[in-house]
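One structure below.
The values are calculated or read from the model by the stated rules, or taken from the named source; none is laboratory data. Just so you know, these numbers come straight off a predicted model, no measurement behind them. All Cβ positions, glycine included, derive from the backbone under ideal geometry; neighbour counts span all protein chains shown.
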Amino acid sequence: MIINELLDLYTVANNFRYEAVLEFHSCTDESIFEWWEDGELWLGQNDCNTLRWVHGKFCLGDASNISYTKIMSTLV
């Protein structure tokens, strides 16, 4: 299910940039895997927020720490 959601996400948002809302990394950008050793994927960010996949959930939170403002089991 998660893989299908990531595929759906990158079908629509691959390298999408709208800095006022969120910027998604390209699916070929190796920075997605920067936190893989911690069990996380770094999907995108803007100045204040980071979108990550963490232990089976999608998390939107503060870019400067691991404090999440929203945790979602699905992007839908």
Failed condition for Glu40, given (1) surrounded by fewer than 13 Cβ atoms within 10 Å (Cβ to Cβ); (2) at pLDDT 80 or above: (1)
Subset of segment 9-30 [at pLDDT 80 or above and surrounded by 10 or more Cβ atoms within 10 Å (Cβ to Cβ)]: Glu23, Phe24, His25, Ser26, Asp29
